[in-house]
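Novice: Have a look at this one before I ask anything.
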Amino acid sequence: MSEASGERGEASAPNVLADRLRMSMIRLSRQLRRQDASELTVAQISALATVVSSGPLGVGQLAEIEGLPSPAMTRLADKLEEAGLIARRTNPDDRRGVHLVPTTEGAELLDRRAQVGNAWLAERLAGLSRADRLALERAVAVLESLATERPDRVASSVADRDTSEEFS
């Protein structure tokens, strides 16, 4: 029996599971950052990824999405602009405002990071058993729901799957 469940297959208490999950995510994030040759911080990578996927965005919009105060986001955007990863463009709807847009270099950096990180993870996942990969696939679906703050979908997405067939 793994550490993830009790002796009779019972789920861990939420506080115990939360601690293990948090620490695992921290360690996995650290491992993935070691694969990244860029000198960007986690906050810079996150903001750049948001601009690439959702841009063009105003600084205030980006601050709201990233959960940072506007002054902090302005400083972060300045650093990304200095690095040549984003650019400021006049807002066509309001000439007093600016939009942050990704540069080709910024989009390419994110693409390279994804390729390297995905390759590193895929190599490790390939060594898992089929049952472990299926369990991980289910866990990822739950984590995606938690990360997007849609807990209503967590219960239904897990309940919709018949795990007895997946692991037989």
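The values are calculated or read from the model by the stated rules, or taken from the named source; none is laboratory data. Just so you know, these numbers come straight off a predicted model, no measurement behind them. Glycine also receives a Cβ, built like all others from the backbone with ideal geometry; neighbour counts cover every protein chain displayed.
Novice: Working only within region 138-168, note down all residues that are surrounded by 13 or more Cβ atoms within 10 Å (Cβ to Cβ), acidic (Asp, Glu) and at pLDDT 50 or above.
Specialist: Glu144
Novice: Additional query: Please enumerate the residues belonging to region 66-110 that are among the charged types (D, E, K, R), at pLDDT below 95 and either in a helix (DSSP H, G or I) or assigned by TED's automatic domain parsing to the domain that holds Ala147 (or both).
Specialist: Glu66, the sole residue that qualifies.
Novice: Could you say whether any residue in region 34-44 is under 28 Å from Asp111 (Cβ atoms), assigned to a helix (DSSP H, G or I) and in contact with a Leu (Cβ under 8 Å, 6 or more places away or on another chain)?
Specialist: Taking every residue of region 34-44 in turn, at least one turns out to be under 28 Å from Asp111 (Cβ atoms), assigned to a helix (DSSP H, G or I) and in contact with a Leu (Cβ under 8 Å, 6 or more places away or on another chain).
Novice: If only one of Pro92, Pro71, Pro14 is within 18 Å of Leu143 (Cβ to Cβ) and either touching a Phe, Trp or Tyr at 6+ places or on another chain (Cβ under 6 Å) or surrounded by fewer than 17 Cβ atoms within 10 Å (Cβ to Cβ) (or both), which one is it?
Specialist: Sole residue among the options that is within 18 Å of Leu143 (Cβ to Cβ) and either touching a Phe, Trp or Tyr at 6+ places or on another chain (Cβ under 6 Å) or surrounded by fewer than 17 Cβ atoms within 10 Å (Cβ to Cβ) (or both): Pro14.
Novice: Yes or no: Gly117 outside any loop (DSSP other than H, G, I, E, B) and either within 30 Å of Leu136 (Cβ to Cβ) or assigned by TED's automatic domain parsing to the domain that holds Glu144 (or both)?
Specialist: yes
Novice: Condition (residue is among the aliphatic types (A, V, I, L, M) and surrounded by 17 or more Cβ atoms within 10 Å (Cβ to Cβ)) applied to region 114-136: is it met by at least one residue?
Specialist: Yes, because at least one residue in region 114-136 is among the aliphatic types (A, V, I, L, M) and surrounded by 17 or more Cβ atoms within 10 Å (Cβ to Cβ).
Novice: Return the residues of region 79-106 that are of a type in the set (D, E, K, R) and under 16 Å from Ala43 (Cα atoms); say none if nothing qualifies.
Specialist: The answer is Lys79, Glu81, Glu82.
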